[in-house]
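Below you'll find the structure, written out as structure tokens, and then a few comments.
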Amino acid sequence: MNISDMILLAIANLFRTKLRTTLTLLGVVIGIGALSSMVSLGTGMQKNLTDAFLENDLFTSYRVTTKNIDLEQISGGNFENMEGFLDKPQTPLTDSIIKIISNIEGVQYAFADIQFPVQLSLEGYDIKLNAQGLPATSGQYKPYTNLLAGTFFQTDNEKSVVVKWETFRKMGLVPLDKDNLVVFSREDSLKGFKVVDPDSLLGKELVIKSKTLNPLSLAISTMGGKVPDEKTAFREVETRLHICGILKKSGSFAGQQFRGGIYIPMETADDIPKLGFSSIWDLFDEEEVDSYGSVYVRAKDIQDMEIIRKDIEALGLHTFSIADQLEEIKKTFLIIDSLFGAIGSVALIIAALGIINTMLMSILERTREIGIMKAIGGSEREIKFIFFVEAGFIGFIGAIFGLGLGWLVTRLANIILNARFPEEGIPVDLFYFPWWLLAGATAFSIFISLAAGLYPAIRAARIDPVKALRHD
Amino acid sequence: MILRVHNLCKSYYRGKLEIPALKNVSLDISEGEFVSIIGKSGSGKSTLLNLIGGLDTASSGNIFFRDQDISAMSRKELARHRRFSVGMIFQSFNLIPSRTALENISLALTFGGVPRRQRKARAEDVIRSVGLGHRIDHKPTELSGGEAQRIAIARALANNPAMVLADEPTGNLDSVTSSEIIDLLQELNQKKGISILMITHDQETASRISNKVIRLVDGSIANEQGKTSMP
């Protein structure tokens, strides 16, 4: 008897006891359903996070800052590398330093991180957010390649602006995106949100109001011994820029938490009078060195990251990359996945007990038949294999339907969770079924089922034919 | 010589108590012979047949089937012996009730390694050879006793064995059907030259059709009478 005959015979045997097979199968389906949906939640969370990193180009970029005293390190009594720290002058992040960094091998480009709070006005809609200066070359890289309409600015000094989809959304204007259809909540509709054609927004004038210190008024009031009031101490400046592009809604929920809400060409941004986050320090700066708070560095390749880090740190600067945290994040997710997997596995182990029970019942019922099979020439190996295949087949079919069930359950859970916790009106996929989960769950189900079938199969094979033929 | 049994002993154990079923049984069967075994129930007839059929293993002694010692065979080799060398027929037919006549025979052919495509035709042929071409798709419960036993005979013949072992094949049948089954076995013996070893209660029939009748009493051969010695 060849293997395909044995497999067919095993499947035919399962079909003979449809109800019992179905019930046993149901156990496996629920087990695999629970296992796969639990693990897919873990992988979904991980995917959302790493996707957000990828989308924002965080794996190939560093944020460079001037060297800080690591308070945590010192409080731990560790003064390593700290010798003479206070005596040494710190390397300021000036344009010349940025140029040096740009020339490090493996660096794609580096630019000063200019971010400042502004007030936007567009045809009567007002909003406060952070503006970010970017070099025009950024337009070639993620996440700035993902445009809904228009183009990224072409030069560093043009009077144009790229706006995030989310920024319009905050203003109550929802640019229509076929890939990301927005579901309005009742609240949204009441607020008067409306859908607009993204192309109609292009070329429109965006008024950016920024505030800066008014040194003259400051000087006058100080000299007069008066505390400068807000109106006179600050000067409001209006800059008019044309919308040249709209960035698509970021697919991941963490996406919009990175960087500002609008992007302005580097030099244009530089020219806008503003109060940066660290501007207050400028007031104390005696030397008028034009330095930046941080510098963004992008590597050509992820492999160059380590060399670039060493070169930058050799300049006396501090680097930070989210990629450094990736290993830790991966470890955390491994623990989460294992925990979820273990919970799901309990259901599968119960299902395995069901398989053992069903198989043993089946052997009892088929004792005489097994005796007949032996009498007409069935070998122990063949009978063992037939029962083994029966168990394995339950595992395989159970895995397929179980994954289907898991998928359905996660779809449903996703819909419910998204309805309960709306995030910018766009559904977020909390669950993820990567190929390894599909393959792994199937293999695991077959393995568990075969293990469950092992003892019954051996028992079936060892049945004494003489006794079995007398069996009623 | 197709079968040579030499000093065969078989004991069963109930706890530590030894219950002998066969005691030093020796017999020879030539190619093409029809041999009957008679004896009271509990005399060890079925035990002897099961040992020859490779369903059970002897306590001591030897069984040579065409010079191969069955008593020394591994379980795997015994399965081969049951598959190809002998075909067994039982009093209670032992057909698988959930399978049709054709499927019962196909199963034997499947174990015999007959390719799937040839199985159906071969099974049909063998069913027709026992005169039940019209019962191919019937399940055992839809067959009369005589028909079921014919299907069982067809199954025993499926893999072309050299010997058929029949354990009271007419025990559950009425006298008319019984004689039909006996005729069929005799036909197989005479036309196809298949050796037959049959257990029966019917001494008269045994004497009439057999080349040799063996009487078992309490696990030992009481006497062996050849047809030639009959008056």
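The values are calculated or read from the model by the stated rules, or taken from the named source; none is laboratory data. Since we're looking at a predicted model, the values are computed, not measured. So basically every Cβ, Gly included, is an ideal-geometry build from the backbone, and we count neighbours across all protein chains shown. Protein only, heavy atoms only, side chains kept; ligands, DNA and RNA dropped before computing areas. Shrake-Rupley method; radii C 1.70, N 1.55, O 1.52, S 1.80 Å.
At a glance:
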quantity	calculated
Search result, residues across the stretch B:14-50 that are of a type in the set (Ser, Thr, Tyr) and within 14 Å of chain A (Cβ to nearest Cβ)	B:Ser41, B:Ser46, B:Thr47
Residue ranges of helices (runs of 4 or more DSSP H) in the stretch A:152-243 with at least 2 members at pLDDT 80 or above, of a type in the set (A, V, I, L, M, F, W, C) and closer than 27 Å to A:Ala269 by Cβ	A:165-171
Some residue of the stretch A:304-320 being polar (S, T, N, Q), open to solvent by less than 80 Å² (accessible area, probe 1.4 Å) and outside the structural domain of A:Thr50 (by TED's automatic domain parsing)	yes
Only one of A:Phe401, A:Phe421 that is open to solvent by 60 Å² or more (accessible area, probe 1.4 Å) and closer than 14 Å to A:Ile32 by Cβ	A:Phe401
Sole exception among (1) among the acidic types (Asp, Glu); (2) open to solvent by less than 50 Å² (accessible area, probe 1.4 Å); (3) within 10 Å of another protein chain (Cβ to nearest Cβ) for B:Glu103, by number	(2)
Cβ-Cβ under 8 Å pairs, at least 6 apart or on other chains, the stretch A:364-383 side within 7 Å of chain B (Cβ to nearest Cβ), far side among the polar types (S, T, N, Q) and surrounded by 21 or more Cβ atoms within 10 Å (Cβ to Cβ)	A:Ile372/B:Asn94; A:Ala375/B:Asn94; A:Gly377/B:Asn159
Set B:Ala222, B:Ala148, B:Ala166, B:Ala152: member being under 16 Å from the mean Cα position of the chain (by Cα) and not in a helix (DSSP H, G or I)	B:Ala166
Qualifying helices (runs of 4 or more DSSP H) (wholly inside the stretch A:373-472; at least 1 residues being touching a strand residue (DSSP E or B) at 6+ places or on another chain (Cβ under 8 Å))	A:465-470
B:Phe84 vs. criteria crowded, with 17+ Cβ neighbours inside 10 Å, touching a residue at least 40 places away in the same chain (Cβ under 8 Å) and facing chain A (nearest Cβ under 9 Å)	no
Selection within the stretch A:101-134 - in contact with a helix residue (DSSP H, G or I) (Cβ under 9 Å, 6 or more places away or on another chain) and open to solvent by 60 Å² or more (accessible area, probe 1.4 Å)	A:Glu105, A:Gln108, A:Tyr125, A:Asp126
Extreme residue, least open to solvent (accessible area, probe 1.4 Å), among residues of the stretch B:108-123 that are at the interface with another protein chain (Cβ under 9 Å from one of its Cβ atoms), part of a helix (DSSP H, G or I) and free of Cβ contacts under 8 Å to residues at least 24 places away in the same chain	B:Thr110
A:Tyr62 more than 30 Å from A:Ser200 (Cβ to Cβ), touching a Phe, Trp or Tyr at 6+ places or on another chain (Cβ under 7 Å) and modelled with pLDDT of 80 or more	yes
Number of the exception - A:Ile336 against (1) of a type in the set (A, V, I, L, M, F, W, C); (2) within 14 Å of chain B (Cβ to nearest Cβ); (3) open to solvent by 40 Å² or more (accessible area, probe 1.4 Å)	(2)
Selection count where residues are charged (D, E, K, R) and either within 14 Å of chain B (Cβ to nearest Cβ) or closer than 22 Å to A:Phe433 by Cβ (or both), scope the stretch A:384-411	2
Counted residues, the stretch B:87-99 - those being open to solvent by less than 20 Å² (accessible area, probe 1.4 Å) and more than 9 Å from chain A (Cβ to nearest Cβ)	1
Any hit, the stretch B:177-186, residues being open to solvent by 60 Å² or more (accessible area, probe 1.4 Å), closer than 19 Å to B:Lys45 by Cβ, modelled with pLDDT of 90 or more and under 18 Å from the mean Cα position of the chain (by Cα)	no
Residue match in the stretch A:387-398 (condition: touching an Asp or Glu at 6+ places or on another chain (Cβ under 9 Å) and either within 19 Å of A:Phe447 (Cα to Cα) or surrounded by fewer than 22 Cβ atoms within 10 Å (Cβ to Cβ) (or both))	no
Any hit, the stretch B:54-68, residues being in contact (Cβ under 8 Å) with a residue 24 or more places away in the chain, at the interface with chain A (Cβ under 10 Å from one of its Cβ atoms) and under 22 Å from B:Leu188 (Cβ atoms)	yes
Matching residues in the stretch B:191-211 - criterion: being more than 25 Å from B:Ser144 (Cβ to Cβ) and open to solvent by 30 Å² or more (accessible area, probe 1.4 Å)	B:Gly193, B:Gln203, B:Asn211
Qualifying residue in the stretch A:29-41 (condition: surrounded by fewer than 22 Cβ atoms within 10 Å (Cβ to Cβ), in a helix (DSSP H, G or I) and polar (S, T, N, Q))	no
Extreme residue, farthest from the other protein chains (Cβ to nearest Cβ), among residues of the stretch A:346-363 that are buried (at least 19 other Cβ atoms within 10 Å of the Cβ) and among the polar types (S, T, N, Q)	A:Thr358
